[in-house]
Structure formats: C-alpha cells, structure tokens
Amino acid sequence: MTARVGVVTFPGTLDDRDTQRAVRIAGLEPVPLWHRDKDLHQVDAVVLPGGFSYGDYLRAGAISRFSPVMETVIEQAKGGLPVLGICNGFQVLTETHLLPGAMLRNNHLHFICRDQKLRVENADTAWTADYEAGQEISVPLKNIDGRYVADERTLDELEAEGRVVFRYLDGNPNGSLRDIAGITNAAGNVVGLMPHPEHAVEPLIGTGRTDGLGFFTSILKKLVTS
Amino acid sequence: MTLDTVKHANETPDVEQPWAELGLKQDEYERIRAILGRRPTGAELAMYSVMWSEHCSYKSSKVHLRQFGEKAPENDALLVGIGENAGVVDVGQGYAVTFKVESHNHPSYIEPYQGAATGVGGIVRDILAMGARPVAVMDPLRFGAADHPDTKRVLPGVVAGIGGYGNCLGLPNIGGEVVFDPCYQGNPLVNALCVGVMKHEDIHLAKASGTGNKVVLYGARTGGDGIGGVSVLASETFDSTGPAKRPAVQVGDPFQEKLLIECTLELFREDLVEGIQDLGGAGLSCATSELASAGSGGMRVELDTVPLRDATLSPEEILMSESQERMCAIVEPGKIDRFLEICEKWDVIATVIGEVTDGERLEIFWHGEQIVDVPPRTVAHEGPVYERPYARPEWQDALQADGADKLPRPETAEELRAQVLKVVASPNQASKSWITGQYDRFVQGNTVLAQPEDSGMVRIDEETGLGVAVATDGNGRYAKLDPYAGAQLALAESYRNVAATGARPLAISNCLNFGSPEDPGVMWQFAEATRGLADGCLELGTPVTGGNVSLYNQTGETAIHPTPVVAVLGVIDDVARRTPMAFAEEGQLLYLLGDTRDELGGSAWSQVIHDHLGGLPPAVDLGREKLLAEILISASRDGMVDAAHDLSDGGLVQAVVESCLRGGKGARLVVPDGLDAFTFLFSESAGRAVVSVPRSEELRFTDMCGARGLPATRVGVVDGDSVEVQGHFTLPLAELREAHEGTLPALFG
C-alpha cells in the first residue's frame with residue numbers, strides 16, 4: 001500500500017494533471033481534489049499546483065484561499081498535513097498565511113519561462129528530505145508574479161530558522177529578495193516554491209532532467225516510513 | 001425606435017439601407033434582395049454583410065483554394081478535410097490530431113496585446129470544437145524593421161498578448177517564427193496555430209441536426225466588443241440611446257477560455273453534444289447560419305435570451321458581436337439537464353437560445369417578433385465568388401533579373417568572418433529566446449522539443465511514446481521573387497523541419513497572407529502561390545487539411561511580400577527516438593546532406609550585407625526533399641545520428657552556429673572540394689540538412705545515403721569551443737553567443 005497525495009484543481013489551475021503524473025511516477029497514488037469540495041478524501045499529503053486560479057483576479061491566490069477545499073487544507077496543515085505549493089500554489093499559501101511574505105510582479109515585468117538552477121538550502125522538510133543540503137538542481141521556472149518579498153524581520157527570521165528551502169543560482173530571475181525561490185513553515189510540513197519540480201520528472205520531457213522527482217520521492221519516504 | 005422586423009421590411013420595401021457602409025457592393029445587395037424576395041431587415045443585412053465579407057466568405061480566394069481539394073494526394077490519414085473548423089488526421093493507435101493556423105493580422109496592428117491574445121483564443125476554440133483537447137500552440141509572426149520605433153510598440157504587445165493568453169490556458173508554446181522586414185511595417189502578421197488530440201470516435205462536427213434538439217449558447221456573456229462596421233447599422237436604425245462605442249478589437253479573458261476548454265471536454269466525455277461550433281468572426285451570425293446550413297433542418301433562435309454584458313445592445317449588434325470565449329452546441333432535449341449541470345460545475349453560463357426545426361429557414365426572433373428569416377446556406381456557404389483579374393506584375397522581370405550574383409562577396413578571410421558574425425547577429429537570424437522565453441513551453445508535461453528546435457514535438461501517449469511534431473515556415477522574400485517557388489520552398493522547409501526531428505510528415509495547414517486582391521499583381525501572386533502549394537502537396541503526398549487566407553495586408557499602394565506560411569504536421573512512433581538539433585558530443589562527425597549550389601537570391605546574406613532583394617530563390621526539388629526526409633527519419637529511427645538541423649535562411653554557417661550554441665560545443669569545418677568558402681557557408685540551396693554522426697555509425701549512415709542516392713559530404717567534426725572554418729577563420733563560441741543572443745534584448749529590453 002502506498003500513500004495518497006491529493007492534487008487540488010481550482011478553476012484556472014493548469015498543472016494539475018502534470019502534478020498527478022509526477023506523483024504517480026514517484027510511486028504514489030494521486031487523488032484529484034475539487035475546489036468546491038471540503039472533503040480531502042483521507043489523503044496523506046496535498047499539492048497545490050501551478051496555474052492562474054480564478055484568473056489571478058484581484059491578486060494571484062487571493063480568491064483561492066477562500067475556496068471550500070482550502071478551509072480544510074489550512075486546518076489540517078496546521079495539524080501537520082504535508083502541503084506543497086508550486087508557483088500559483090505558493091502564492092495561495094502566502095495568501096493563507098501558512099507561509100509568510102508575498103509575491104509581486106517580476107522586476108522586469110515579463111513572463112519568464114526558463115530552466116532555472118536552484119540550491120537546496122534545507123533538506124529536512126517533508127518535501128526535500130531526498131535531497132542533500134547544498135545540492136544544486138535545475139527545474140523549469142515559469143511565471144509573471146514570482147518576486148518573493150517580505151519585511152526585513154521576516155526575512156531574517158526565515159534565514160535564522162533555516163526556513164529558506166531554495167535559492168536561485170546563476171542569476172535571480174525576478175528580483176526575489178535574498179534570491180529566495182522557496183520557503184517552509186516552522187514545522188517543515190508546508191513548503192512553497194515558484195519553480196516547477198513536477199515538470200522535471202521524466203527524461204526526454206521538458207528539460208530532459210529529472211531533478212524535480214526528489215520532491216515526490218521525499219514525501220513518499222516520509223509517508224511510508226512514518 | 002422601431003424594430004426592423006421581417007413584417008416591417010415587407011411593408012417598407014423602399015427604405016434606404018447602409019449596405020455600402022457595411023462593405024457590401026451594389027450587386028451583392030441586389031442579390032440579397034433577390035434571395036429574400038424583399039429588402040433584408042437590418043439584422044439580415046448585418047448577417048449577410050459580415051458573412052459575405054472577404055474574411056468569412058473567401059470570395060476572392062475560393063476559386064484558387066479549390067485546387068487544394070482537386071489536387072489532394074491520396075492519403076488515408078485524412079479523417080476530416082477542408083471546410084470544417086479544422087482538418088483531422090489519423091496518427092495511429094486510435095488517435096486523431098487536428099491542427100490549424102489562422103491569422104489575426106489587422107487587429108494586432110491596431111491593438112497588439114488584445115489582437116494577438118484573441119488570435120490565440122480563436123484558434124484554440126476551433127480546435128476544441130472538433131472534439132479535441134488542445135495540446136500545443138505556436139505563432140508565426142512578421143514585424144516591420146526591428147529598429148523601427150513602431151516595431152517597439154507592436155512586437156512587445158503582441159508577444160505579451162500571446163503569452164498572457166496562451167500561458168493562462170495551460171498550452172505549451174512549442175515553436176513558430178519571428179521575421180522582420182520593412183514590408184510588414186504597417187501590416188504585421190500575427191498567425192496562430194493550435195494542435196489538438198482526440199480519439200477517432202471523439203470527432204465532432206459543426207452541424208445542427210435532429211428536429212427539436214436545443215441550441216445552447218455557453219461561455220462568456222455577449223458584449224459590445226468586436227462589432228466593428230455593424231455599429232454603422234445600429235446608428236442608422238436606432239437613436240442615441242444605444243450603447244457607448246466599444247473597441248472594434250475584441251477583448252479576451254483567458255481564464256474564461258480555460259474554463260470553457262475543461263467544461264467542453266467534459267461535455268464531450270459524457271457524449272452530450274450533437275453538433276458544435278465556436279463563436280469567432282461574425283459571432284452568432286456565423287455560428288447559427290453555419291450550424292443550420294450544415295445540418296438537415298432549419299433553426300429558430302430567440303435572440304433576446306442571449307445573456308448580455310450590456311443590456312442596451314441592439315439585436316443587430318448581438319448577432320454581430322465578436323465577444324470572445326463563447327461556444328454554441330446542439331444538444332438533445334433529454335441531455336439538456338446534464339449539459340447545464342456540467343456548465344454550472346465549471347462556472348460557465350449556459351443558455352438555451354433556440355432549437356432545430358424541421359423547416360429549411362434560419363429564423364431569429366426578438367421578443368416574439370421575427371427579425372430574420374433566411375435560407376441559412378445563402379448566408380454561410382453560398383456567398384459571392386469572384387474571379388478577380390490577375391496579371392504578372394510588370395516589375396517582376398526586372399526584379400528577377402537583378403540577381404544576387406552581382407553583389408560583391410567577401411574577398412578576405414577577415415571579411416568573411418565579419419560577415420558571418422553580422423549575419424548570425426542580424427534580427428532575423430538572431431536567437432528569438434527573448435520572445436519565446438515569455439511563453440510557457442513546459443505545461444502539460446509532454447513537451448519533447450520546443451523552440452529553437454527544428455520542429456515542436458509533444459508526446460500524445462505516455463505508454464507508447466507516440467508523438468506529433470509541427471513546424472511552420474514561410475519566406476516572403478523568396479515568394480516575392482517567385483510566388484510559385486516561394487510557396488513550395490515554405491512547404492519544403494516546414495516538411496524538412498519536421499523530418500529533421502525524426503517525425504514523418506503527414507499533412508499541412510496554411511495561412512496565406514497577401515495584399516489586396518483588387519490589385520491584379522497581388523492576385524497573381526496569390527494564384528501562383530496557391531498553385532505552387534497545391535502542386536507541392538500533391539508531389540509530397542501531404543494533403544492540405546485547412547487553413548486561412550488573410551488579404552488586404554497592405555498600406556496604401558504597397559503590399560506586403562506575399563507570405564504563404566505553411567505548417568506541416570508529422571507523427572513519430574516513439575518520442576524517445578526524436579533527433580534534437582544540438583551538437584553535444586565531441587568527436588562526432590558533421591555531414592552535409594544534399595547539394596550546395598551558388599544560390600544567394602533572396603538570401604539572408606543578401607539582405608543583411610547588401611540590403612538587396614532580387615534574382616531567383618533557390619531551386620525547388622521536391623523529389624530530393626522527400627529523399628532527404630526519408631534519410632533523416634531512418635537515421636532517427638535506427639539511431640544513426642545524434643543531432644540534425646535543417647539548412648535554410650543563413651545557410652550552413654547559420655545552422656552550424658545554432659547547433660553549436662545549443663549544445664555548448666564548437667565545430668571544426670572543412671570547405672569541401674568544388675566549393676568556395678563563401679558559397680559553402682552562405683548558400684541557401686534547398687533540400688539540405690547537417691547531421692552529427694557518432695563515429696561508430698559513420699559507415700552505416702554513409703552506406704545508407706549512398707544506396708539511396710543522397711549526397712552526404714563530411715564537412716567537419718564537433719570539437720572545441722569555437723566554430724572554425726579551417727584555413728579561413730575561427731569564431732569563439734562566446735563571441736558567437738554574444739552576437740546571436742544579444743540582439744533582441746538590446747532592441748526590445
């Protein structure tokens with residue numbers, strides 16, 4: 001028996017099917033979750049995939065946080081449910097305050113799509129345990145609102161507590177403060193990042209690298225051994 | 001304010017109508033009166049005027065486009081041909097693929113962001129309406145001079161619009177082209193292509209059949225955008241209480257379109273759709289008349305049930321509105337409840353606006369009063385057809401006589417080196433990643449190859465690895481020199497690009513961008529190009545599945561270069577066997593396939609170095625293209641080459657530089673016997689490719705080429721970190737990269 005990972009679909013979510021595929025490739029069972037349904041169907045972890053949920057109207061993630069499914073996700077995340085937010089999912093997590101800070105428009109004002117090098121700064125979270133601290137990986141990045149910001153005190157806290165999980169290497173693609181690409185909550189069960197690990201899980205497809213698979217094997221190991 | 005009903009039209013036969021302002025000719029107006037046996041109502045006049053426009057009726061191009069059907073090659077793969085929303089091709093394993101390229105040129109000049117965005121939206125709905133899940137898009141673009149101030153307005157807007165809309169739909173953008181030429185200054189070309197995938201049994205057609213079946217309009221509310229010329233009519237018929245003027249260019253909402261896609265696919269999955277049509281140009285007029293015309297009965301529509309964004313819209317305006325993100329479906333009465341339920345699930349507004357009748361008329365009512373009563377075929381499919389006069393322009397001979405052979409060529413190695421650097425850095429030959437980097441190429445997780453690869457390739461079956469490849473090409477400079485050959489060269493290049501990645505070319509779509517059909521010289525270009533393309537498709541065995549014609553691309557008396565853009569679709573049994581373009585392995589041998597002749601007419605070199613256009617384009621040999629494609633496909637299938645790149649504008653040196661930069665490896669080239677360095681590097685002879693062959697495969701590969709009679713010349717080796725032409729010059733990769741990749745960011749920031 002393997003673990004079940006819920007993948008939420010909001011109206012305007014784009015990478016839900018890709019995320020389900022990545023979950024399956026890692027040996028987990030993907031469970032589609034619908035935004036109007038509060039029931040998480042006994043999943044062991046949840047991924048909020050990328051896209052433009054609710055058209056990014058008002059602000060990226062601002063409306064999704066009020067959707068019925070998020071009520072349960074927020075509640076259970078506080079109780080330790082592993083949650084990964086990718087791109088728009090990360091934006092949703094900051095809007096819910098499960099993670100601190102916010103995402104602004106890229107400093108160059110363009111959508112950017114490229115293969116992005118990252119350094120894994122924290123390999124102790126639920127979603128990064130299969131990496132090593134300091135490891136360099138490359139996964140696709142694609143967004144227009146990807147500039148991570150927070151006040152100085154929050155940034156210092158994140159740094160001091162080791163909660164910066166990923167940092168951009170070889171050029172900051174969007175003006176994110178302190179080159180931050182991804183962060184975690186204090187408990188390490190909630191992780192959000194702008195780049196897309198689910199697009200780097202198969203050779204031949206996308207960039208041809210499988211550097212993103214570790215997110216999903218990390219959670220597999222955590223769920224199956226715990 | 002009087003409603004111009006059918007009754008009213010009968011009673012007032014002599015009312016003056018604004019047919020000329022709506023773009024109709026006197027004889028066309030008379031013909032409408034003859035068809036109806038009375039004067040048309042305002043609503044009818046509006047419908048005929050848009051449906052008989054050049055854009056919807058193809059009245060100037062039809063007589064030439066017929067060749068695509070008449071000369072169609074025997075091809076079992078074609079499941080749905082020309083005439084539907086898009087053609088459908090069998091790609092094996094039970095899958096069918098639909099694809100089409102369309103233009104959104106004029107709106108994109110007026111309002112670059114929305115023009116380009118709604119161009120993407122429109123083509124995606126065409127593909128969706130066939131029953132397919134859209135899986136990829138690509139955009140062939142043409143702009144004025146790269147350094148012209150207006151290009152700085154148009155290009156960034158167009159690129160942001162394509163990205164803003166396409167990225168939000170979750171469709172990978174996997175290729176396309178960007179070409180600059182002053183001839184496009186007042187008429188940029190924004191063509192958009194979409195590919196969709198379905199199972200054979202999922203194919204849907206645009207027809208309304210089955211008396212009593214419901215007509216459902218679903219998607220966005222109808223607003224006053226994109227009405228264009230019809231507002232003339234509104235202002236004639238109604239007083240000043242009408243709606244405020246809205247932009248003639250439609251405004252897109254990609255979020256709504258994404259919901260429409262997912263909602264429609266779920267409707268198909270539950271088999272709730274009898275017939276379906278998207279709303280594009282001419283809006284409801286087009287959708288209702290085309291559905292009714294293609295079906296077995298008539299149709300009755302209650303126009304006042306259409307959900308509106310602006311309650312003051314007149315019935316004429318509702319019929320004409322080109323508001324985006326709308327679809328029209330024919331649904332059996334017993335399935336309506338489930339249909340509406342699924343629409344509600346996706347937050348998509350759906351309204352029953354009418355039903356299929358057993359009559360033969362399209363009848364439209366406004367609050368119970370009849371405002372339209374027409375035979376739908378006369379609106380949708382039996383519009384006027386013109387045999388426009390055409391004649392070879394008198395300047396054509398002089399243009400062809402002014403050959404590139406008279407242009408001074410580089411005399412020293414130093415000069416040759418400088419010209420190579422200048423060509424690869426020129427806007428047309430430079431890297432386009434500043435543009436394509438603003439498009440999501442990864443979404444859906446099936447992208448195998450994307451720009452700058454020779455063709456875009458997506459996997460369509462995860463188990464078997466079945467995939468499709470698409471390339472688009474079109475060289476307006478070649479077509480200006482010889483439209484017949486130019487169209488065939490576009491076809492040949494696109495065909496070659498697909499084969500270079502290892503896929504087997506199956507079928508084509510095209511977007512024919514020309515000047516005014518009222519100019520006999522332009523009409524001659526159009527006639528020649530369509531004839532060339534039809535003949536070429538017959539010879540290559542790739543049928544035309546559909547496409548689009550864009551005329552009147554001209555500023556004053558000056559037309560754009562004739563620009564037939566050809567999209568070739570290919571299939572590959574297993575994407576694991578695809579051939580990329582990057583030279584990535586040191587020591588591999590570079591082979592030039594095909595014959596290199598002294599052919600510089602219309603070349604990138606003649607444009608960049610001499611700002612010259614004259615002579616004849618490269619000779620076309622479609623038999624050779626076919627052979628080259630067979631070799632490239634065999635080599636891919638049997639693992640004989642690790643990289644391949646087609647040779648086209650910029651010649652061999654351009655191809656080698658691109659493949660080296662892509663792979664991060666250099667190359668040492670040797671000029672083969674019988675060629676001078678200049679011709680070797682810059683000639684644009686067609687039917688050629690360069691391949692990178694592992695040493696272990698060299699014999700097998702050259703034996704295969706020899707046995708099949710394809711010239712294969714060893715021209716170098718992958719090596720080092722520069723491109724060296726032995727005995728002539730060396731260009732470090734770093735210098736090449738800076739030149740090739742720095743141009744567009746410097747121009748557009």
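A few comments on the model shown:
- Sum of side-chain charges, residue B:367 neighbourhood, beta-carbon under 15 Å (Lys, Arg +1; Asp, Glu -1): -4
- Gyration tensor (alpha-carbon) shape descriptor, region A:4-225, a/c threshold 1.5: rounded
- Under 5 Å, built H, 5+ apart or other chain: amide partners of residue B:667: B:719, B:722, B:723, B:724
- Separation between Cα centres of region B:330-352 and region B:58-107, rounded to whole Å: 30
- Dividing the mean sequence gap of close Cα pairs (under 8 Å, 6+ apart) by how many residues chain B holds gives a relative contact order of 15 percent.
- For region B:54-127, the square roots of the Cα gyration tensor eigenvalues, ordered a ≥ b ≥ c, give a/c of at least 1.5 with a/b no greater than b/c, which places it in the oblate category.
- Taking every residue in A:3-15 and counting other chain Cβ atoms within 10 Å of its Cβ, the average works out to 3.
- Within a Gaussian network of chain A (alpha carbon springs, distance under 10 Å), most fluctuating of A:213, A:40, A:14: A:14
- From phi via Karplus (6.51, -1.76, 1.60), per-residue ³J(HN,Hα) for region B:53-58 in Hz, x at Gly/Pro: 5, 4, 4, 8, 9, 6
- CD proxy at 222 nm, helix term only [per DSSP H run n ≥ 4: -39500 (n - 2.57); per residue of chain B; nearest 500]: -11000 deg cm²/dmol
- If you take all other residues with their beta carbon under 9 Å from the beta carbon of residue B:454, and give Lys and Arg +1 and Asp and Glu -1, the sum is -1.
- Computed extension length for residue A:224-residue A:97: 42.9 nm, one decimal, from 0.36 nm per residue of separation with the Cα-Cα distance subtracted.
- FRET efficiency, residue B:696 to residue B:721 (Cβ-Cβ, R0 25 Å, nearest 0.05): 0.55
- Fully extending the segment from residue B:296 to residue B:201 would add 32.1 nm, taking 0.36 nm per residue of separation and subtracting the current Cα-Cα distance.
- Taking label points 7 Å from Cα along the Cα-to-Cβ direction, residue B:413 and residue B:63 give a separation of 6.0 nm.
- Against chain B, whose longest principal axis comes from its Cα atoms, helix B:149-169 is set at around 70 degrees.
- Projected area averaged over orientations for region B:299-401, convex hull of C-alpha atoms, nm²: 12.3
- Shielding of peptide B:442-453 by partners, expressed as the average count of other chain Cβ atoms within 10 Å per residue Cβ, is 6.
- Euclidean distance between Cα centres, region B:482-539 to region B:188-208, Å: 21
- Formal net charge of residues neighbouring residue A:169 (Cβ-Cβ distance under 12 Å; K, R +1; D, E -1): -2
- Under the simplified labelling scheme, the residue B:27-residue B:360 pair shows an inter-label distance of 2.6 nm, with each label point 7 Å from Cα along Cα→Cβ.
- If you take the Cα centroid of region B:612-642 and the Cα centroid of region B:590-611, the two points sit 15 Å apart.
- One way to sum up the overall shape of region A:162-208 is the equivalent ellipsoid from its Cα gyration tensor, whose semi-axes run 22, 16, 7 Å, largest first.
- Those aspartates and glutamates that a straight Cα-Cα span of less than 12 Å connects to residue B:214, excepting residues fewer than 8 apart in one chain: B:274, B:302, B:332, B:337, B:355
- Rounded to 0.05, the FRET efficiency of the residue A:149 and residue B:433 pair, given R0 = 35 Å and the Cβ-Cβ distance, is 0.80.
- Extension gain, residue A:109-residue A:37: 0.36 nm per intervening residue step, less the Cα-Cα distance, totals 22.4 nm.
- Think of it as helices only: each DSSP H run of n ≥ 4 in chain A is worth -39500 (n - 2.57), and spread over all residues that comes to -6500 deg cm²/dmol at 222 nm.
- Antiparallel DSSP beta bridges within the protein assembly as shown, as percent of all bridges there, nearest 5: 75
- Amide H contacts under 5 Å for residue B:101, placed H, 5+ residues apart: B:510
- DSSP beta bridges in chain B [antiparallel fraction, %, rounded to 5]: 80
- Taking amide H as placed 1.01 Å from N in the peptide plane, residue A:194 has its amide H under 5 Å from the amide H of A:87, each at least 5 places away in sequence or on another chain.
- Cα gyration tensor shape for the protein assembly as shown, rounded if a/c is under 1.5, else prolate or oblate: oblate
Read-outs: derived from the displayed coordinates by stated rules, not from any lab. Quick caveat, the model's predicted, so the values are computed rather than measured. In this analysis, Cβ positions are derived from the backbone assuming ideal geometry, glycine residues included, and neighbour counts consider all displayed protein chains.
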